[in-house]
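K.L.:
Below you will find the structure I want to go over with you.
The values are calculated or read from the model by the stated rules, or taken from the named source; none is laboratory data. Here the structure is a predicted model, which means the values were calculated and not measured. Don't worry about glycine lacking a Cβ; one is built from the backbone with ideal geometry, like all the others, and counts go over all protein chains shown. Surface areas here come from the heavy atoms of the whole protein model, side chains and all, with no ligands, DNA or RNA. Shrake-Rupley method; radii C 1.70, N 1.55, O 1.52, S 1.80 Å.
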Amino acid sequence: MAYFLLRLEPPRPSFPFDATEAEKALFSAHSGYWMEQAEAGAAIAVGPVFEPGGTWGLALVEAADAAQAEALGEADPVLMAQAGFRYTVSPVPSLILRR
């Protein structure tokens, strides 16, 4: 197994602070999806990253290969809804994990 960083880019830099009710509902499904992935062992850590230029989402996953990591992102309800979100997937060649 290998590790990958999935970076979720939101539809606009001001997201989630100006999220619509529909986007809030979609993000509830998004959170549920990633909780399931964490319980299944695929997701190691998932959460928002607040930077001065805007917020983005982080999912650190363990997968057999890049295709499997990309499939995890593609199955996210926010991508399936085609609401302007997108993932970039980057390999993490080595990782020190807390015991």
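K.L.:
Divide by every residue of the chain the summed helix terms, -39500 (n - 2.57) for each DSSP H run of at least 4, and state the resulting mean residue ellipticity at 222 nm, rounded to the nearest 500 deg cm²/dmol.
P.N.:
-10000 deg cm²/dmol
K.L.:
For the chain, which whole percent of the accessible surface, found with a 1.4 angstrom probe, sits on carbon and sulfur atoms?
P.N.:
On the chain, the fraction of accessible area on carbon and sulfur atoms equals 58 percent.
K.L.:
Relative contact order for region 23-99 using alpha-carbon pairs under 8 Å, separation at least 6, rounded to a whole percent?
P.N.:
Once normalised by length, the contact order is 24 percent.
K.L.:
Along the positive direction of the dipole of the chain (beta-carbon charges: Lys, Arg +1; Asp, Glu -1; about the Cα centre), which of G84, A29, F50 reaches farthest?
P.N.:
F50
K.L.:
Let me ask another. How big is the charge dipole of the chain about its Cα centre, in debye rounded to the nearest 20, if each Lys and Arg gets +1 on its Cβ and each Asp and Glu gets -1 on its Cβ?
P.N.:
Around 280 debye, computed over the chain.
K.L.:
Same structure again: Which of rounded, prolate, oblate describes region 40-99, given a ≥ b ≥ c as roots of the alpha-carbon gyration tensor eigenvalues and a/c under 1.5 marking rounded, otherwise prolate only if a/b is larger than b/c?
P.N.:
Note, shape of region 40-99 comes out oblate.
K.L.:
Another one. How far is helix 21-40 tilted, in degrees, relative to the longest principal axis of the Cα atoms in the chain, given as a value from 0 to 90 rounded to the nearest 10?
P.N.:
10 degrees
K.L.:
Looking at the chain, which chymotrypsin sites (Phe, Trp or Tyr not before Pro) are DSSP coil and have at most 16 other C-beta atoms within 10 Å of their C-beta?
P.N.:
The qualifying sites are F17.
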